[in-house]
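Some notes on the structure that comes next.
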Ligand code: CTP
């Protein structure tokens, strides 16, 4: 796949070499086109080294134009990705202006265009930027992200550029270049994020799950060609493009949505941190403080994972085990008790697991296990999906084999 990677002038440009690396790892040829302001944040030398091609930045560079004109470059691209994309470049593309090489290529290309916005949250939420986003989306331009969280300026909000690996995967998804296609034609249902159990109209019980691991797993499955349904509790993550996202709040909602989606699913992955208990009743009006103490009566929520594993035509079922101690022992216990095919065990605590971008996991199955050291959740998700696919096919192979044996015995 030929990718023109446009880099514009935002602080997230320092992550551009990593994007190049991730795209090239997947076999893409990457031609970088920088704007003048991008050069304030990242050097052409570094980018040339990682991309293996001279950087293009100047529309009026006679030598470069003679080798491949901007029109040829626009035709060469199978996809034009701009990461980071500033508010300025979004506005420029909306207006159809072409004052530099990158915007000229955007006008001249027939390839899909994807933008990974990165800017201060106030700039992102500005009505002008939001109006531009809408116009771009209406025109079929893919907006990847942005993510939500702490920003380079020290503030919090929506506007962070998504992780390079997630950008790379999404670009491959958008353009039909789907990883190794391990799960082509398979339906995968994933639950992610926390659930919210209402106490009264303004209060609820929840947990610290960010949904990052479940979203990464769903995206990794889609990157392997699967048709993915992502059932998500309340999270502040952008919806990954190219898969069906169903938003839910409570454990009961998630249970219902899962059983609605599970029909014909080949694989079910329960990455959600579902509440184990919910208030017996939701109080209709806001509870007023009266006595010095109060107690809340809770009742068990249905175990979504166990209920899927228990179905007559259960899909290949994968659970997650979040533990603070005796990780492997507890995870193996859950694998057996819930009759799962696999379980992904991870440690949770003050400085690991929830609400972080990295993690370390051990995947267990009936007669084996494999550990993956600390790495980004996006990378881990890919490793986990590859392992799940391998075991899914191994199980189907042995099922087919035993069916054939039954048929031949009946003969
Ligand atoms: N899970 C679920 N529905 C629930 C509770 C958990 O589907 N009501 C799933 C989670 O998505 C995860 C797995 O079960 O894949 C393990 O969840 P965890 O909370 O770690 O274990 P529990 O079985 O709830 O046991 P405990 O809380 O006692 O550790």
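The values are calculated or read from the model by the stated rules, or taken from the named source; none is laboratory data. Model, not experiment: these values are computed from the prediction. No Cβ is skipped: glycine too gets one built from the backbone with ideal geometry, and neighbour counts run over all protein chains shown.
Taking residue 293, is it more than 21 Å from residue 222 (Cβ to Cβ), more than 15 Å from the ligand (Cβ to nearest atom) and either outside the structural domain of residue 116 (by TED's automatic domain parsing) or part of a loop (DSSP other than H, G, I, E, B) (or both)? Spell out the reasoning first.
Values: more than 21 Å from residue 222 (Cβ to Cβ): yes; more than 15 Å from the ligand (Cβ to nearest atom): yes; either outside the structural domain of residue 116 (by TED's automatic domain parsing) or part of a loop (DSSP other than H, G, I, E, B) (or both): yes.
Against the criterion (more than 21 Å from residue 222 (Cβ to Cβ), more than 15 Å from the ligand (Cβ to nearest atom) and either outside the structural domain of residue 116 (by TED's automatic domain parsing) or part of a loop (DSSP other than H, G, I, E, B) (or both)), residue 293 qualifies.
Quick one: is residue 8 over 29 Å from the mean Cα position of the chain (by Cα) and either assigned by TED's automatic domain parsing to the domain that holds residue 152 or under 26 Å from residue 130 (Cα atoms) (or both)? So residue 8 fails the test.
Filtered by the rule that a residue be at pLDDT 90 or above and in contact with a helix residue (DSSP H, G or I) (Cβ under 8 Å, 6 or more places away or on another chain), the range 361-380 gives 361, 362, 363, 364, 365, 366, 369, 370, 372. Summed over the range 96-122, residues that are in contact with a helix residue (DSSP H, G or I) (Cβ under 9 Å, 6 or more places away or on another chain), part of a helix (DSSP H, G or I) and surrounded by fewer than 17 Cβ atoms within 10 Å (Cβ to Cβ) total 1. Among the conditions (1) assigned by TED's automatic domain parsing to the domain that holds residue 83; (2) crowded, with 19+ Cβ neighbours inside 10 Å; (3) at negative phi; (4) in a loop (DSSP other than H, G, I, E, B), the only one that residue 145 does not satisfy is (3). Taken as a whole, the condition of being within 13 Å of the ligand (Cβ to nearest atom), outside any strand (DSSP E or B) and under 30 Å from residue 199 (Cα atoms) does not apply to residue 288.
Considering only residues in the range 123-142 that are part of a loop (DSSP other than H, G, I, E, B) and surrounded by 13 or more Cβ atoms within 10 Å (Cβ to Cβ), the one that is modelled with the highest pLDDT turns out to be 126. Among the residues of the range 150-169, those identified as assigned to a helix (DSSP H, G or I) and at pLDDT below 85 are 165, 166, 169. The set of residues from the range 342-360 being more than 12 Å from the ligand (Cβ to nearest atom) and either at pLDDT 95 or above or crowded, with 20+ Cβ neighbours inside 10 Å (or both) comprises just one member, 359.
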